[in-house]
Amino acid sequence: MTDQFAVRMVNITKSFGTIQANNKVYLELRKGEILSLLGENGSGKTTLMNMLSGIYFPDDGQIYVNGREVTIASPHDAYKLGIGMVHQHFKLVDVFTAAENIALGLPGGAVVDRQAIAQKIRDICGRYGFAVDPDKKIYDMSVSEKQTLEIVKTLYRGADILILDEPTAVLTPQETEKLFSVMRNMRDDGKSIIIITHKLNEVLEISDRVTVLRKGEYIGDMNTAKADARALTDMMVGRTVTLNIQRDEPAAPQRRLEIRNLSVKDKEGVTRLADINLDVYAGEILGIAGISGCGQKELLESIAGLQPTQSGSSVRYRPTGPEGPADELVGQNPRTIAEKGIRLAFVPEDRLGMGLVANMTLVGNMMLKEYRSGKGPLVERRHPHELAEQVVRELEVVTPSIDTPVRKLSGGNVQKVLVGREIALHPTVLMSAYAVRGLDINTSYTIYRLLNEQKKAGVAVIYVGEDLDVLLQLCDRIAVLCGGRLNAILDGRTATKEQVGYLMTNMKTDGGEVIQ
């Protein structure tokens, strides 16, 4: 019976030039269920949902909403059909309040009833268990509050079908559990929800059913109660993937970095890091945990010579252990650090802004690290060419050729190119910020394997991550940041996810007490 389905997408096909993103894809979403949409990077998940939400228009196929064939040519059409999408990157105006953001685009022009809007927000929050202050400015909100507002904004516009794209990417375990509770309340109220996520443990916890795409095609679906992580991974990848993260004990670790009294303020004078004291050892993986904006970016950039620091800050690099000579990195820029013979590799959070040049080819991006080493006016291209071929071959980068601009690659393949280039430097310190954010499970485990190989080779690895399950499996020690301060350093083998999540959101005083 078609009336049991909120959405049916039949033979949906979409191409962009010569690239076919979706090929005769089939998807069913039942009324009052949570459906997880799984697939590797580039499998067509987001493209499919962009067609359901009106951002793209399909080349072929039919879409049925509540049993009726419909045409969705714009987000406005989708909203009229009760479909709303919450994107991974929020669509909010920072200087507006929550109520003002919700009012944007509503009928009535510049004249709106603020009290009525605020009351309706409170009604929605009370119905499903949200917590939103209608008068709070966006710039004062946490990531969790912004995401909550995006969902409330969608419900305010009358959506009965919600699409959530990577909703837990930057949430703590406690915030994730709260979101899941709200999602269950919405499902029980008859809402239908599609969630795009790469976290299989969350898929198994929150969804009723799972649909899998591979290379733009529909592979199948199954009830979550009958699924497990291995079965889902095999469907996504098409072959068996090992889901174990190997963690050996550090072999003869030596202190490589001594971070003392590290403090950073931004251009507005706001403290981003305050008196960080931390040692980083060769032959170990040091994890950095913290909610978004708690100083992770500033910590790595200070080490790399990209961030001005406050007086008294020190980052000392010891190439031969604790008794050997030390080089001060504070006050040095990346070029000066490299000229000292210090091999620091940095995989930044911003892949196509800070890490790679989007319009340059794979070869050109490899060349960026070597152009200063030439002896004459001509740039040597042979080695970058060989390096690009090596990265494509060893990391299984999917690309038409090494002369393809990296902006045309999927997110996972862009990340492989960036990580491969940095590891090819044979670094002594490798820093990685959110290396697997938004990546499928197969690509993610490739990155974990590469980091572990660097650890075994005696490299000091610093890994900033948002998935606490991975941090606890991968890292030897975990430094927890909260509000720009170092809250604790935990043993990765004995710490719990709840313990790390609590320290991420609750500040310790100088006396050791924890405050909310």
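The sole residue among 134, 58 that is assigned to a loop (DSSP other than H, G, I, E, B), touching a strand residue (DSSP E or B) at 6+ places or on another chain (Cβ under 9 Å) and either basic (Lys, Arg) or under 22 Å from residue 196 (Cα atoms) (or both) is 58. Determine, yes or no, whether residue 116 is over 22 Å from residue 52 (Cβ atoms) and in contact with an Asp or Glu (Cβ under 9 Å, 6 or more places away or on another chain). In short, no.
Only one entry in 304, 326 is in contact with a helix residue (DSSP H, G or I) (Cβ under 7 Å, 6 or more places away or on another chain), farther than 16 Å from residue 483 by Cβ and surrounded by fewer than 21 Cβ atoms within 10 Å (Cβ to Cβ), namely 304.
Just checking: which of the strands (runs of 3 or more DSSP E) contained wholly in the range 164-258 hold 1 or more residues that are of a type outside the set (Lys, Arg) and on the phi > 0 side of the Ramachandran plot?
Of the strands (runs of 3 or more DSSP E) lying wholly inside the range 164-258, those with at least 1 residues that are of a type outside the set (Lys, Arg) and on the phi > 0 side of the Ramachandran plot span 217-223.
Across the range 71-86, the qualifying residues are those that are assigned to a loop (DSSP other than H, G, I, E, B) and aliphatic (A, V, I, L, M), and the one among them that is surrounded by the fewest Cβ atoms within 10 Å (Cβ to Cβ) is 73.
Condition check ((1) of a type in the set (S, T, N, Q); (2) in contact (Cβ under 8 Å) with a residue 12 or more places away in the chain; (3) assigned to a helix (DSSP H, G or I)) across all residues:
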{"site": "36", "(1), (2), (3)": "yes, yes, no"}
{"site": "41", "(1), (2), (3)": "yes, yes, no"}
{"site": "47", "(1), (2), (3)": "yes, yes, yes"}
{"site": "69", "(1), (2), (3)": "no, no, no"}
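Among the residues of the range 423-444, none is identified as modelled with pLDDT under 90, touching a Leu at 6+ places or on another chain (Cβ under 9 Å), within 27 Å of residue 252 (Cβ to Cβ) and of a type outside the set (A, V, I, L, M). Per the conditions (1) within 17 Å of residue 366 (Cβ to Cβ); (2) at pLDDT below 90, the sole criterion not satisfied by residue 389 is (2). Filter the range 333-371 down to the residues that are among the acidic types (Asp, Glu) and exposed (fewer than 14 other Cβ atoms within 10 Å of the Cβ), then identify the one that is farthest from residue 419 (Cα to Cα). Checking each candidate, the answer is 339.
The values are calculated or read from the model by the stated rules, or taken from the named source; none is laboratory data. Not measured: the values here are computed from a predicted model. Reconstructed Cβ throughout: ideal geometry from the backbone, glycine too, with neighbour counts over all protein chains shown.
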